Amino acid sequence: MEKFIVTGPTSLKGEVCVGGAKNAAVAILPAAVLAQGKCVIENIPNISDITTLLKILRGMGAQVRMIDRSTVEIDTSYLSEPVVPYELARYMRASYYFLGALLTRCNRASVSMPGGCDFGVRPIDQHMKGFEALGATVSIDGGMINAHADLLMGAHIYFDVVSVGATINVILASVKAKGVTILENCAKEPHIVDLANFLNSMGADIRGAGTDVIKIHGVDILHGTTYSIIPDQIEAGTYMVAAAATGGDVLIKNVIPKHLEAITEKLQKAGATVIEYDDSIRVIREGRLRKVNVKTMPHPGFPTDMQPQFTAMLSLAEGTSIVTEGVWDNRFRYVDELRRMGASIQVDGKVAVIEGIGQFTGAPVRAVDLRAGAAVLIAAMAARGVTEIENIAYIERGYENIVEKLSALGADIRKVIVPEHTLKAAL
Ligand code: EPU
């Protein structure tokens, strides 16, 4: 088992460069199966979710070649069975994007029920509703989601809830459907726009991505393309919050400041100075942090994927902050870990009341999911003493080269391997 050992407190200082957006990349790589020809995809993040997706593609017969650390060439001219097995799907949520993509490419798809972070129930009814409206038959059998359609026909689909995953999956299924598809009540996240731009660069006709109505004219052929993925909004936001929480001064490079506005606004309210440049953003925090109330919402609201990191930071603020989770039913499971470090947080359903404590103290903790892992890591860098973080595989699913990036900013962080026999002796 691997752990992070973090010794604090540290004030992060210097420059960090953000990688490609995880949640765009995990939609764009499955979408590559739609091309007749090779796709060259640039700015892919160096994270384990991408490694898993590339394994799924290779397993289906795609030719996958890394051109450099962040550029991949994918050729899906020959695909074998349109099946994503449990062994791979269980590691990540986005494996289900192969349903929409393979339905379009092969008229059928079988994908094991996906894994991903545990925030309570994660239904897929809106994905299924969309596929069925396009003419597909969808069933769940033996843990596999099976979809089949002799002919996909454009349709008018109204999503009952705003869902990133359903919006993406139904775009993938409708891009070559006969006629026009209109999707209403769509998610508007930057990665949805990125996926639409990628598909349009292959010859698709998708308009309105980034608004709540998306119109898709089905096309007959999608060709290969070269495309560069947008920077990761949440990785950038995490470094912004880490800078503010540790009383640091960090220039975060390769970002789109527009995507960070909701985070910037709350950081400024909390007392940090945020300076925007064309494609970078600097966060400085000198005085004591102030209390702020935050409610997470679909884009352009405050992102739920920044909620745990903000809660960690607000534990250090003067006064009592209220954080309300507006997207997921159960996204405060990590609070127990912050409490081990001294946080004073009361959770009632989807609301957390955070009393500022001034300083964390190091403790053994674990990452309960990806962004929860980022939250304890931020707390650990701000804490007095040593924090050992277990379950770091969660963190490495979504943050590329995080030890190197934080070390370059002055953090005292080491990744260590704990031998199995030590663990057994400790039980
Ligand atoms: N929902 C339904 N029915 C559906 C789909 C979703 O009721 O068919 C509900 C969910 O239960 C939830 C809400 O709709 O309450 C929003 O879920 P959404 O489908 O938007 O989430 P997702 O697509 O499963 C993506 C990101 C998450 C991020 C959410 C919200 C990916 C791979 N994952 O999940 O990212 O929290 O959108 O922005 O894009 C992360 O990166 O750490 C992460 C968890």
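The values are calculated or read from the model by the stated rules, or taken from the named source; none is laboratory data. Note that this is a predicted model, so its numbers are computed, not measured. All Cβ positions, even for glycine, are placed from backbone atoms using ideal geometry, and neighbour counts span all protein chains on display. Remember, those area values only see protein heavy atoms, side chains included, never the ligands or the DNA or RNA. Shrake-Rupley method; radii C 1.70, N 1.55, O 1.52, S 1.80 Å.
Can you name every residue in region 106-137 that is crowded, with 22+ Cβ neighbours inside 10 Å and more than 21 Å from V327 (Cα to Cα)? Once the filter is applied, which keeps residues that are crowded, with 22+ Cβ neighbours inside 10 Å and more than 21 Å from V327 (Cα to Cα), region 106-137 yields A109, V111, F131, L134, A136.
Please determine, by comparing only the residues of region 138-169 that are within 26 Å of the chain's Cα centre (by Cα) and under 11 Å from T104 (Cβ atoms), which one is surrounded by the most Cβ atoms within 10 Å (Cβ to Cβ). Filtering region 138-169 for residues that are within 26 Å of the chain's Cα centre (by Cα) and under 11 Å from T104 (Cβ atoms), the one surrounded by the most Cβ atoms within 10 Å (Cβ to Cβ) comes out as N169. The residue of region 174-195 that is nearest to I229 (Cα to Cα), among those that are open to solvent by 30 Å² or more (accessible area, probe 1.4 Å) and either hydrophobic (A, V, I, L, M, F, W, C) or in a strand (DSSP E or B) (or both), is V193.
Taken over region 87-111, the criterion of being basic (K, R) and either farther than 16 Å from S163 by Cα or in contact with a Cys (Cβ under 6 Å, 6 or more places away or on another chain) (or both) is satisfied by R90, R105, R108.
Which one of these is within 16 Å of the ligand (Cβ to nearest atom), within 23 Å of the chain's Cα centre (by Cα), open to solvent by 10 Å² or more (accessible area, probe 1.4 Å) and basic (K, R): K405, K350?
Details: K405 fails: within 16 Å of the ligand (Cβ to nearest atom).
Testing whether each residue is within 16 Å of the ligand (Cβ to nearest atom), within 23 Å of the chain's Cα centre (by Cα), open to solvent by 10 Å² or more (accessible area, probe 1.4 Å) and basic (K, R) leaves just K350.
Among the residues of region 196-216, the one identified as surrounded by fewer than 16 Cβ atoms within 10 Å (Cβ to Cβ) and within 15 Å of the ligand (Cβ to nearest atom) is D212.
The residue pairs whose first member lies in region 75-103 and is farther than 25 Å from T225 by Cα, whose second member is charged (D, E, K, R) and open to solvent by less than 40 Å² (accessible area, probe 1.4 Å), and whose beta carbons are closer than 6 Å, counting only pairs six or more residues apart or on different chains, are M92/D49. Restricted to region 293-327, and to residues there that are under 16 Å from V353 (Cβ atoms), open to solvent by less than 10 Å² (accessible area, probe 1.4 Å) and hydrophobic (A, V, I, L, M, F, W, C), the residue that is farthest from the ligand (Cβ to nearest atom) is A317.
Of all residues being touching an Asp or Glu at 6+ places or on another chain (Cβ under 7 Å) and open to solvent by less than 40 Å² (accessible area, probe 1.4 Å) in region 228-239, which is farthest from E265 (Cα to Cα)? Just the residue, please. Steps first, please.
First, the residues of region 228-239 that are touching an Asp or Glu at 6+ places or on another chain (Cβ under 7 Å): 228-230, 234.
Retained after the next criterion (residues that are open to solvent by less than 40 Å² (accessible area, probe 1.4 Å)): 229-230, 234.
Values: I229: 25, I230: 21, I234: 15 Å.
Residue satisfying both the conditions and the ranking: I229.
A372 meets the conditions (1) assigned to a helix (DSSP H, G or I); (2) open to solvent by 10 Å² or more (accessible area, probe 1.4 Å); (3) not polar (S, T, N, Q) in every case but one. The failed one is (2).
Do we have S95 as more than 9 Å from the ligand (Cβ to nearest atom) and part of a helix (DSSP H, G or I) here? Even if it seems obvious, please write down each step before you answer.
Numbers: more than 9 Å from the ligand (Cβ to nearest atom): yes; part of a helix (DSSP H, G or I): yes.
When the stated conditions are applied, S95 passes them.
All but one of (1) farther than 30 Å from V376 by Cβ; (2) β-branched (V, I, T); (3) touching a Pro at 6+ places or on another chain (Cβ under 7 Å) hold for V40; which doesn't? That leaves (3) as the condition not met.
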